[in-house]
Amino acid sequence: MTWLRKNLVVIAGLLTLAYMILPNVVVMVFSFNKPNGRFNYSWQQFSLDAWKDPCGVADMCESLTLSLQLAAWATVGAVVLGTMIAFALVRYRFRARGAINSLIFLPMAMPEVVMAASLLTLFLNMGIELGFWTVLIAHIMFCLSFVVTAVKARVMSMDPRLEEAARDLYAGPAQTFLRVTLPIAAPGIAAGALLAFALSFDDFIITNFNAGSTVTFPMFVWGSAQRGTPVQINVIGTAMFALAVLIVVAGQIITNRRKKTATA
């Protein structure tokens, strides 16, 4: 019992981590399956056929490419706007600043179906044709709050004396921002960018309302589930999960090396 009390938090953390990773493990295992029918829901036999031909299903790689393009552009737009908003909210005092701070969190708290229906109504009333650009605008809008939150937390923890020291050493505003401010804020910006990319790539509800005839990868998966789930979907999911893990591990390794270099 004493050992259990001492390690209870560790055990709870490991169980939670296993619970979160289990669905990804199932997707990974079934990417090597060769189902007899249309649905990849029960294990039949080991096969590498899906890995050898990941684009073997019609229109799947096209929808994947479209989702990656949307996620990339939405990330760029949300990061640029979100970073500027975060700096403005932390560094400057202006009217309605408190109200804007509260409104920033509104898309995070609002149900996606409400935002999706509101954006659809807006686009239809403005006479905008639904498609790639309406989806991109919608993705930037709901990713913006997450980027602002991540960057704002980082900017609030910055020591203003570092920038003052740079100015005392005759650094100009641009040089101070590029050499001092931006590197310090970079972890928050990177976190916001990764979060925005993941949210945009994975979104279904808002995209489904505002896509028109555009078909993203989540929409393709949903449509495929109605008539049969190809193994290639598991292959793409496994590849995306492995890529995300590699990015996180690489970032952690780089951070640890920098800490060792700084303390050496």
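The values are calculated or read from the model by the stated rules, or taken from the named source; none is laboratory data. Here the structure is a predicted model, which is why all the values come from computation and not from measurement. As a convention, Cβ positions derive from the backbone with ideal geometry for all residues, glycine included, and neighbour counts pool all protein chains shown. The area values use the complete protein model at the heavy-atom level, side chains included, leaving out ligands, DNA and RNA. Shrake-Rupley method; radii C 1.70, N 1.55, O 1.52, S 1.80 Å.
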### Query
Since LEU106 meets every condition but one in (1) under 18 Å from ALA196 (Cβ atoms); (2) surrounded by 12 or more Cβ atoms within 10 Å (Cβ to Cβ); (3) in contact with a helix residue (DSSP H, G or I) (Cβ under 8 Å, 6 or more places away or on another chain), which condition does it not meet?
(2)
### Query
For THR263, are the conditions met, namely being more than 25 Å from the chain's Cα centre (by Cα), surrounded by fewer than 16 Cβ atoms within 10 Å (Cβ to Cβ) and among the β-branched types (Val, Ile, Thr)?
yes
### Query
Does segment 207-264 hold any residues that are of a type in the set (D, E, K, R) and without any contact (Cβ under 8 Å) to a residue 60 or more places away in the chain, and which are they?
ARG257, ARG258, LYS259, LYS260
### Query
Got at least one residue in segment 91-100 being within 21 Å of ALA191 (Cα to Cα) and open to solvent by 40 Å² or more (accessible area, probe 1.4 Å)?
yes
### Query
Being touching a Pro at 6+ places or on another chain (Cβ under 9 Å) and either under 21 Å from LEU64 (Cβ atoms) or without any contact (Cβ under 8 Å) to a residue 60 or more places away in the chain (or both), is that true of even one residue in segment 170-192?
no
### Query
Condition test on ALA117, is it closer than 19 Å to THR216 by Cα, in contact with a helix residue (DSSP H, G or I) (Cβ under 6 Å, 6 or more places away or on another chain) and in contact (Cβ under 8 Å) with a residue 60 or more places away in the chain?
no
### Message
Return the residues of segment 192-230 that are polar (S, T, N, Q), farther than 17 Å from ILE137 by Cβ and in a helix (DSSP H, G or I); say none if nothing qualifies.
### Response
SER224, GLN226
### Task
Look at THR181 and say whether it is under 29 Å from GLN252 (Cα atoms) and hydroxyl-bearing (Ser, Thr, Tyr).
yes
### Message
For segment 201-214, give me each residue that is of a type in the set (A, V, I, L, M) and either open to solvent by 50 Å² or more (accessible area, probe 1.4 Å) or in contact with an Asp or Glu (Cβ under 9 Å, 6 or more places away or on another chain) (or both).
### Response
ILE205, ILE206
### Positions within segment 124-153 being open to solvent by less than 60 Å² (accessible area, probe 1.4 Å) and over 26 Å from THR83 (Cα atoms), in sequence order
LEU130, GLY131
### Task
Go through (1) closer than 25 Å to PRO107 by Cα; (2) buried (at least 16 other Cβ atoms within 10 Å of the Cβ) and name the single condition TRP222 misses.
(2)
### Task
Test VAL235 against the criterion of being open to solvent by less than 60 Å² (accessible area, probe 1.4 Å) and in a helix (DSSP H, G or I), and give yes or no.
yes
### Message
Could you check segment 73-90 and list, in sequence order, the residues that are open to solvent by less than 50 Å² (accessible area, probe 1.4 Å) and more than 14 Å from PHE146 (Cα to Cα)?
### Response
PHE87, ALA88, LEU89, VAL90
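Have a look at ALA186, ALA190, ALA198, ALA244 and point out the one that is farther than 24 Å from PRO23 by Cβ, within 15 Å of the chain's Cα centre (by Cα), hydrophobic (A, V, I, L, M, F, W, C) and open to solvent by 30 Å² or more (accessible area, probe 1.4 Å).
Within the list ALA186, ALA190, ALA198, ALA244, the selection yields ALA190.
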